[in-house]
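*Asks:* Let me begin by handing over the structure; questions about it come next.
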Protein chains: 2
Amino acid sequence: MLDDHVTLAHGNGGRFMRELIDEVFARHLANPALDTHLDAAALALPAGMVAVITTDAFTVQPLEFPGGDIGSLAVNGTVNDLAVSGAEPRYLALDAIIEEGLEMARLERIVAGLARAAREAGVAVVAGDTKVVPRGNGGGLYLATTGVGVRPPQRRLGMDLIRAGDAVLVSGPVGDHGIAVMLAREAFDLSGPVASDCAAVTPLAAAIWDMEGLRFMRDPTRGGLATVAHEIAFAARKTVRLMESAIPVRDAVRSVCRMLGYDPYYLACEGRVVAVAAPRAAEQILALWHALPGGEQACAIGTIADGRPAVVLETEIGGERFLEELEDDPLPRIC
Amino acid sequence: MLDDHVTLAHGNGGRFMRELIDEVFARHLANPALDTHLDAAALALPAGMVAVITTDAFTVQPLEFPGGDIGSLAVNGTVNDLAVSGAEPRYLALDAIIEEGLEMARLERIVAGLARAAREAGVAVVAGDTKVVPRGNGGGLYLATTGVGVRPPQRRLGMDLIRAGDAVLVSGPVGDHGIAVMLAREAFDLSGPVASDCAAVTPLAAAIWDMEGLRFMRDPTRGGLATVAHEIAFAARKTVRLMESAIPVRDAVRSVCRMLGYDPYYLACEGRVVAVAAPRAAEQILALWHALPGGEQACAIGTIADGRPAVVLETEIGGERFLEELEDDPLPRIC
């Protein structure tokens with residue numbers, strides 16, 4: 001029988017921790033490769049494939065928000081890093097740092113959300129650890145997820161492949177996650193609620209990752225589209241030109257941004273892909289994405305041009321402004 | 001130029017975060033497989049070997065203590081889980097959740113300690129993530145490390161192999177880490193300072209992991225020797241009999257335990273191995289361990305007996321007491 005709230009004893013390595021792990025984590029995350037009595041789990045990796053690894057920590061506030069929670073975010077954030085690198089996500093390792101006093105029912109909802117996201121993304125949680133920190137030493141719950149995926153050795157994507165004339169694409173509207181979390185945090189009374197786009201992008205990535213002419217993919221999370229564009233500009237030593245009129249932003253996101261002075265291009269997405277591709281491939285990618293769930297509103301939003309490394313936004317009224325590298329964080333702790 | 005203290009802007013995905021990662025993390029952790037511009041890193045895994053994964057979160061207080069710090073602890077704790085499972089540790093993924101206000105010099109000392117431990121253990125940090133949480137939402141620094149190692153497919157250790165008559169061994173004195181952290185936390189004025197045993201046990205594990213008659217290894221961390229003995233007793237459905245007179249405990253640890261009412265058998269070690277082996281193998285293991293650094297004081301400390309699942313301590317004065325499963329945590333946050 002579990003307590004109503006997490007206590008320090010749930011982190012001590014003894015009976016309470018065993019019960020927490022068995023009754024909350026193992027019950028929801030059960031899969032053939034998860035054995036909570038082992039220190040290390042074997043990974044079944046197909047011969048001839050390259051194994052790749054990625055890791056992320058999650059400190060989002062609040063822990064639950066429209067469209068997701070810290071559990072589904074932790075799964076999808078890590079799965080998406082694998083998918084955009086060209087790898088099929090297979091396994092997750094999960095660390096939970098729980099603050100004393102967290103409601104057990106809330107923890108269980110979040111672990112259930114995590115388990116559901118893992119099933120949907122086709123990944124098995126095979127290793128984990130929990131720690132409990134005293135009240136006042138954590139934000140309720142922090143998660144860290146490490147993902148392992150596999151890709152064929154010949155599949156190679158990278159910012160070094162980007163050429164002048166390439167097109168910049170995005171798989172859907174930007175800024176939903178950032179605004180959804182912000183609205184859940186503050187008691188704003190704004191109409192047109194926005195849900196996070198939190199989702200695995202594996203189907204969007206897998207549809208195109210062997211396409212001739214695809215150069216690079218990235219999921220625009222912390223720092224948003226503008227930050228990915230910056231990384232591209234500086235790594236490729238090119239100018240990234242984005243067309244404001246082409247970048248999809250939901251009306252509700254746009255109006256919250258106007259009201260509160262946010263720039264949607266710097267807000268996090270958690271279920272979008274930014275791709276750079278040769279022009280012919282770009283057309284094919286958009287056609288493929290439009291037919292997939294989550295890709296219906298995919299757009300070509302800009303081009304790569306010779307010139308100094310910078311991100312230039314061609315505004316709707318015909319002007320230009322630079323999207324500078326992010327300094328002040330408009331919305332901390334959105335992932 | 002970095003600030004003196006970590007600020008929220010160091011976690012925002014923009015320039016400050018890039019500088020923190022480049023100047024603190026990447027500089028110390030540099031290795032050929034670490035590219036901070038990639039979302040996912042490729043793992044070079046030899047053909048024919050089984051890849052294994054393990055993960056741990058670390059919330060130790062204080063962050064630095066005699067014999068180690070949260071950085072070296074995070075490396076060794078994860079490396080040791082791989083080593084005792086029979087796998088050679090190869091790669092680490094690292095997540096850092098940093099509290100706003102942490103002194104940059106302290107963070108850098110800890111990352112340097114982490115890098116040193118990784119070099120000593122022969123593992124490369126190939127993926128990472130940092131998040132910054134507002135002041136009052138973290139204990140200075142939390143780390144999560146995920147380790148990937150490789151083992152030959154025929155190497156199999158497990159509690160299910162344990163038989164009545166097997167010997168229980170420990171590679172060195174128990175409780176050092178727990179007492180070292182406790183003394184560093186409180187302003188005790190106790191003579192005979194104790195240093196943590198924090199170290200990679202890979203050499204101790206590798207010396208014996210293909211030995212005929214070795215059944216099982218485990219590093220006795222949270223919950224200590226008694227907790228490992230408990231897991232063995234319940235998984236193998238046997239009685240674990242430990243001899244108090246044979247269990248190595250340093251005098252300084254013993255006297256602190258007497259003074260403060262701790263039981264050393266429940267205190268964490270971070271550089272010890274508990275092994276279960278057939279009697280003949282046990283003798284060979286002790287001979288091998290005695291010749292290795294960190295194994296000089298290895299001892300046979302008990303036996304596996306038919307009987308109900310329990311841990312029985314034969315006391316020095318000829319009595320018996322049960323070592324029950326841990327309920328109250330004597331020393332929270334020691335790892």
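The values are calculated or read from the model by the stated rules, or taken from the named source; none is laboratory data. On a predicted model such as this, the values are computed, not experimentally measured, just so you know. Here the Cβ is made from the backbone with ideal geometry for all residues, glycine too, and neighbour counts use every protein chain on show. Surface accessibility is based on the protein's heavy atoms, side chains included, excluding ligands, DNA and RNA. Shrake-Rupley method; radii C 1.70, N 1.55, O 1.52, S 1.80 Å.
*Asks:* Check off (1) part of a loop (DSSP other than H, G, I, E, B); (2) among the aliphatic types (A, V, I, L, M); (3) farther than 16 Å from A:L94 by Cα for A:A33 and give me the number that stays unchecked.
*Replies:* It is condition (3) that A:A33 fails.
*Asks:* Within region A:68-84, is even one residue more than 7 Å from every other protein chain (Cβ to nearest Cβ), among the charged types (D, E, K, R) and outside any helix (DSSP H, G or I)? If you could, list the steps in order and put the result at the bottom.
*Replies:* The first filter runs over region A:68-84 and keeps only residues more than 7 Å from every other protein chain (Cβ to nearest Cβ), leaving A:68-80, A:83.
Narrowing further to those that are among the charged types (D, E, K, R): A:69.
Now restrict to residues that are outside any helix (DSSP H, G or I): A:69.
The answer is yes; a qualifying residue exists.
*Asks:* From the list A:A229, A:A200, exactly one residue is in contact with a strand residue (DSSP E or B) (Cβ under 7 Å, 6 or more places away or on another chain) and either crowded, with 21+ Cβ neighbours inside 10 Å or at positive phi (or both). Which is it? Steps first, please.
*Replies:* Values: A:A200 fails: in contact with a strand residue (DSSP E or B) (Cβ under 7 Å, 6 or more places away or on another chain).
None of the other options fit; the residue is A:A229.
*Asks:* Scan region B:119-156 for residues that are over 18 Å from A:T54 (Cα atoms) and among the small types (G, A, S) and jot them down.
*Replies:* Scanning region B:119-156 gives B:A121, B:G122, B:G136, B:G138, B:G139, B:G140.
*Asks:* Being outside any strand (DSSP E or B) and open to solvent by 70 Å² or more (accessible area, probe 1.4 Å) is the filter; apply it to region B:319-328 and report the residue that is farthest from B:G302 (Cα to Cα). Steps first, please.
*Replies:* Filtering region B:319-328 for residues outside any strand (DSSP E or B) gives B:319, B:323-328.
Pick out the ones that are also open to solvent by 70 Å² or more (accessible area, probe 1.4 Å) and you get B:324, B:327-328.
Numbers: B:E324: 16, B:E327: 23, B:D328: 25 Å.
Selected residue: B:D328.
*Asks:* Taking only pairs six or more apart or across chains, which ones have beta-carbon atoms under 8 Å, a first residue in region B:307-335 that is within 14 Å of another protein chain (Cβ to nearest Cβ) and closer than 29 Å to B:G77 by Cβ, and a second residue that is hydroxyl-bearing (S, T, Y) and assigned to a loop (DSSP other than H, G, I, E, B)?
*Replies:* Partner pairs satisfying both residue conditions: B:P330/B:Y262; B:L331/B:Y262; B:R333/B:T59; B:C335/B:T59; B:C335/B:T221.
*Asks:* Output the number of residues of region B:126-147 satisfying the condition of being surrounded by fewer than 24 Cβ atoms within 10 Å (Cβ to Cβ), out of contact with any Gly (no Cβ under 7 Å at 6 or more places or on another chain) and closer than 26 Å to A:S85 by Cβ.
*Replies:* Number satisfying all stated conditions: 1.
*Asks:* Another question about this same structure. Residue by residue through region B:31-63, note down the ones that are in contact with a Phe, Trp or Tyr (Cβ under 8 Å, 6 or more places away or on another chain), more than 7 Å from every other protein chain (Cβ to nearest Cβ) and open to solvent by less than 50 Å² (accessible area, probe 1.4 Å).
*Replies:* Residues satisfying the conditions are B:A33, B:F58.
A quick yes/no check of all residues on (1) open to solvent by 20 Å² or more (accessible area, probe 1.4 Å); (2) touching a helix residue (DSSP H, G or I) at 6+ places or on another chain (Cβ under 8 Å); (3) farther than 23 Å from B:R333 by Cβ; (4) modelled with pLDDT of 95 or more:
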position: B:R237; (1), (2), (3), (4): yes, no, yes, yes
position: B:R241; (1), (2), (3), (4): yes, no, yes, yes
position: B:G261; (1), (2), (3), (4): yes, no, no, no
position: B:V276; (1), (2), (3), (4): no, yes, yes, yes
position: B:R280; (1), (2), (3), (4): yes, no, yes, yes
position: B:Q284; (1), (2), (3), (4): yes, no, yes, yes
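*Asks:* I would also like to ask the following. Going through A:A200, A:A184 one at a time, which residue ends up being more than 14 Å from chain B (Cβ to nearest Cβ) and modelled with pLDDT of 95 or more? Full working, then the answer.
*Replies:* Details: A:A184 fails: modelled with pLDDT of 95 or more.
After ruling out the rest, the residue left standing is A:A200.
*Asks:* Looking only at region B:98-119, count every residue that is part of a strand (DSSP E or B), open to solvent by 10 Å² or more (accessible area, probe 1.4 Å) and in contact with a Lys or Arg (Cβ under 8 Å, 6 or more places away or on another chain) and tell me the total.
*Replies:* To start, the set of residues in region B:98-119 that are part of a strand (DSSP E or B) comprises B:98-99, B:103.
Pick out the ones that are also open to solvent by 10 Å² or more (accessible area, probe 1.4 Å) and you get B:99, B:103.
Those still in the list that are in contact with a Lys or Arg (Cβ under 8 Å, 6 or more places away or on another chain) too: B:99.
Of the residues in that region, 1 qualify.
*Asks:* Right, A:A164: over 14 Å from A:E270 (Cα atoms), open to solvent by less than 10 Å² (accessible area, probe 1.4 Å), away from every other protein chain (no Cβ under 11 Å) and over 14 Å from the mean Cα position of the chain (by Cα) or not? Break it down stepwise before answering.
*Replies:* Values: over 14 Å from A:E270 (Cα atoms): yes; open to solvent by less than 10 Å² (accessible area, probe 1.4 Å): no; away from every other protein chain (no Cβ under 11 Å): yes; over 14 Å from the mean Cα position of the chain (by Cα): yes.
No, not satisfied.
*Asks:* Here's something else I'd like to know. Answer with yes or no whether A:L107 is away from every other protein chain (no Cβ under 14 Å), at negative phi, in contact with a His (Cβ under 8 Å, 6 or more places away or on another chain) and modelled with pLDDT of 95 or more.
*Replies:* It is false that A:L107 is away from every other protein chain (no Cβ under 14 Å), at negative phi, in contact with a His (Cβ under 8 Å, 6 or more places away or on another chain) and modelled with pLDDT of 95 or more.
*Asks:* Just the residues that are assigned to a loop (DSSP other than H, G, I, E, B), within 11 Å of chain B (Cβ to nearest Cβ) and in contact with a strand residue (DSSP E or B) (Cβ under 9 Å, 6 or more places away or on another chain), please, taken from region A:1-30. If you could, list the steps in order and put the result at the bottom.
*Replies:* Within region A:1-30, the first condition is being assigned to a loop (DSSP other than H, G, I, E, B), and the residues that meet it are A:1-4, A:6-7, A:12-14, A:30.
Narrowing further to those that are within 11 Å of chain B (Cβ to nearest Cβ): A:7, A:12-14.
Result: A:T7, A:N12.
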